[in-house]
Structure formats: structure tokens, C-alpha cells
Amino acid sequence: WDDSASKIWMDGNMVDWKDAKIHALSHVVHYGTSVFEGIRAYDNKKGTCIFRLNEHVKRLFNSAKVYKIDIPYTQEEIAQAIRDTVKINELASCYIRPIVFRGYGQLGVNPLSCPVNTVIAAWEWGSYLGEEGMANGVDVGVSSWRKPAPDTFPTLAKCGANYMNSQLAKLEAIDHGYEEAIMLDYEGHVSEGSGENIFIIEDGVLYTPSMDSSNLKGITRESIKQLANDLGYEVVEERISRERLYFADEVFFSGTAAEVTPIRSIDHKIIGAGKRGPISEELQKTFFDIVEGKKEDKFGWLDYV
Ligand SMILES: Cc1[nH+]cc(COP(=O)(O)O)c(CN[C@@H](CCC(=O)O)C(=O)O)c1O
């Protein structure tokens, strides 16, 4: 995968894609010492806009705080560097990956002597779980791997090492012929996907796992809640038992990469009519109408670069 035309922001400098390298003995390589964000920019008639940029940057700084990583920039400096990275690469719509990590210093679990490095890359990234899945729903399975307990890993932090847990679920899903995994929390309630939050719809009401389910407080999840309320739907955050996934009229994933991806089967059980449900479709369409400028950005989500 070589986007050689691209520039990558590294510690304040724009470098060529091929030169964006780090040392093999960097702390992050050995111990997963990174925090990162996934952000999307969308192209619309008013130009290129970044979706909820400030919320993503704030979460990046919160994730870093958990691991005593002092980012040597202000939140606004990082936000501007993200805008600059989109602009210099002349990307109309793209996926943006800021990552902050402990670099090349001394090995050993103690990270404190290692420098803090910051990298921002951007590239075109289509539908995370496939175009067909966006339209017709994806087939997923509940993983045998659970999310870490709240006293084990900080799942509100978007840190690289958390994805060694997510990868186990993703690899198992692929082995089973699924597009994605749904993970349960340490008590067996529904948590989220390997890289997305999840919503179920029962009798016209949206439900999503509450924030005590070892799930990431997704920015798309928050946005879908706002959008659903604005469209007149009730949204309930609570513990969700596994079997409610099967009983639901509709189920969908939400996330920056996944956007709004309907789920048509779980563990080979058909969900609802076995295709994208009507409320999922309405939310998906409204979400895209807003980011594509076809509907008013009434929630102030769009930051034009
Ligand atoms: C575990 C997890 N849960 C929920 C979400 C949704 O959060 P938000 O993007 O703020 O709505 C994501 C984003 N996953 C990112 C990384 C995907 C990847 O494969 O890397 C993303 O969607 O960018 C997660 O990784």
C-alpha cells in the first residue's frame, strides 16, 4: 500500500509518504504505546469538511492523558495540522489518522524516557465494511473474545493496544466467514464491534449499549443519537443482553470508518427482513445528506478546511 504522492505530518514537518519511518526499537513497536484517532473528511458543494474535528482532537488528548503521554502541541495546533494535511494532499474526501506514540528511546515497559512523536496521515478510504454492506447489510458474528474489563484496559481511550483485543475478534469473524465481529463486555452484555459502536431497533426505539459496557464513546454514536432524536426517535442507552440482537427489528454499526452500516444477520440468524431496515436507511441517508451538504449542518458538525 503506497500512497507515494502523499505528504505526512510528522512532529511538525510535512514529509513524503516513503520517508515517514520510525526506528524498529521505538517503544510503540514493542509495547503498543500509541493513542490515535480515525476522522473523516467529506467533499460537498461548499468544499471539503472534516466531521466533528474538535471532538476527535479532544478525545485524542484524553486518550493520551491515560498513558501520561504529553502531546507537545495544543488541541488547536493539532486541529490545524489535520486541516493542513488534508489540504496539502488535495484530498476532497478522505480518512484522517492522527497518532501519538512513544518513539525511540530506551526499551523496557517504562515509557517515560521515550520521546512523544505525533504523526498525521490522510488517504482516500471507501466503505469500511464494503459498499454492498452499506446497502444490503453485513453478516456478523458474536465473538468468543470479550472486551477487557473496565479495571483492565481503558476502553474509553482509543489506544493502539486495545486493538490487539479487537483484532482477535476480527480474525475470528473472518475465520467464520463473517464481515465483522460483535463483542460482549466482561459480564456478557453487548458492547460494540471490533471497530464500531452498535445500535439495535425494537418497535421504533433505538437502543445502544450504555457507557458501562467497555465500549468506546463513539463520536458517530453520539451523532446518530442526536440525529435520531431530531427525527423523532427515542434513543435508550442501557445494558443489552445478547439475545436482543437476534430479536431486534434492525441492527446497525456506527463509526467513523463504518459510518452507518446495517447488519442483516448475526450468528447466521436473519435480523428483521434480512436487509437494511427502514429506520437504519433513514438515519444512514440523513447522515450522508448532512456531510454531503444536501441537508443543513444543523448540529454544527462540519469544519471546512
Ligand atoms: C472499538 C471502536 N468502537 C467504536 C468506534 C466508533 O467510534 P467513532 O469513530 O468515534 O464513531 C471505533 C472507531 N474505529 C476507528 C478505527 C477503525 C480502524 O480499523 O482503524 C474508525 O472508525 O476510524 C472503534 O475502534
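The values are calculated or read from the model by the stated rules, or taken from the named source; none is laboratory data. Computed from a prediction, not measured in an experiment: that's the story for all the values here. As a convention, Cβ positions derive from the backbone with ideal geometry for all residues, glycine included, and neighbour counts pool all protein chains shown. Side chains included, ligands, DNA and RNA excluded: accessible areas come from the protein's heavy atoms. Shrake-Rupley method; radii C 1.70, N 1.55, O 1.52, S 1.80 Å.
Some points to look at:
- Cα lying deepest toward the dipole's positive end in the chain, options V100, S241, G300, charges on Cβ: V100
- Protein heavy-atom accessible surface, 1.4 Å probe, per residue over the chain: 45 Å².
- Long-range amide H partners of R242 with built H, under 5 Å: V190
- Amide H contacts of N44 (H built 1.01 Å from N, in plane; Pro and chain starts excluded): C49 sit under 5 Å, all sequence-distant by 5 or more or on other chains.
- Under Karplus coefficients 6.51, -1.76 and 1.60, residue-wise ³J(HN,Hα) of segment 27-34 in Hz, glycine/proline x: 3, 4, 5, 8, 10, x, 7, 8
- In segment 96-158, the alpha-carbon atoms span a convex hull of 160 Å³ per residue.
- Per-selection Kirkwood Rh - segment 20-151 (Cα, Å, 1 d.p.): 16.9 Å
- Helical mean residue ellipticity (222 nm; -39500 (n - 2.57) per DSSP H run of 4+; nearest 500) of the chain: -8000 deg cm²/dmol
- Annotation: for a label point projected 7 angstrom from Cα along Cα→Cβ of Q106, residues of segment 26-46 with backbone N closer than 19 Å are 26-33.
- Here the 3J(HN,Hα) profile of segment 107-121, calculated from phi with Karplus coefficients 6.51, -1.76 and 1.60 at θ = phi - 60°, is 7, x, 4, 4, x, 5, 8, 8, x, 9, 10, 10, 10, 10, 10 Hz, Gly and Pro shown as x.
- In segment 12-70, inverting the average of 1/r over every pair of distinct C-alpha atoms gives 14.3 Å as the Kirkwood radius.
- Value of Rg/Rh across segment 44-90 [Cα atoms, Kirkwood radius]: 1.06
- Ligands, DNA and RNA left out, the 1.4 Å accessible surface of the chain is 51% carbon and sulfur atoms.
- Integer Hz, Karplus 6.51/-1.76/1.60 couplings in order for segment 266-283, x for Gly and Pro: 9, 6, 6, 9, 5, 9, x, 8, x, 7, 4, x, x, 6, 4, 5, 5, 5
- Average projection area in nm² (convex hull over Cα atoms of the chain, one quarter of hull surface): 15.3 nm²
- Backbone amide hydrogens, once placed in the peptide plane, bring L184 within less than 5 Å of S143, K147, S191, excluding anything fewer than 5 places away on its chain.
- Hull volume per residue, based on the alpha-carbon atoms of segment 119-248 and their convex hull, is 134 Å³.
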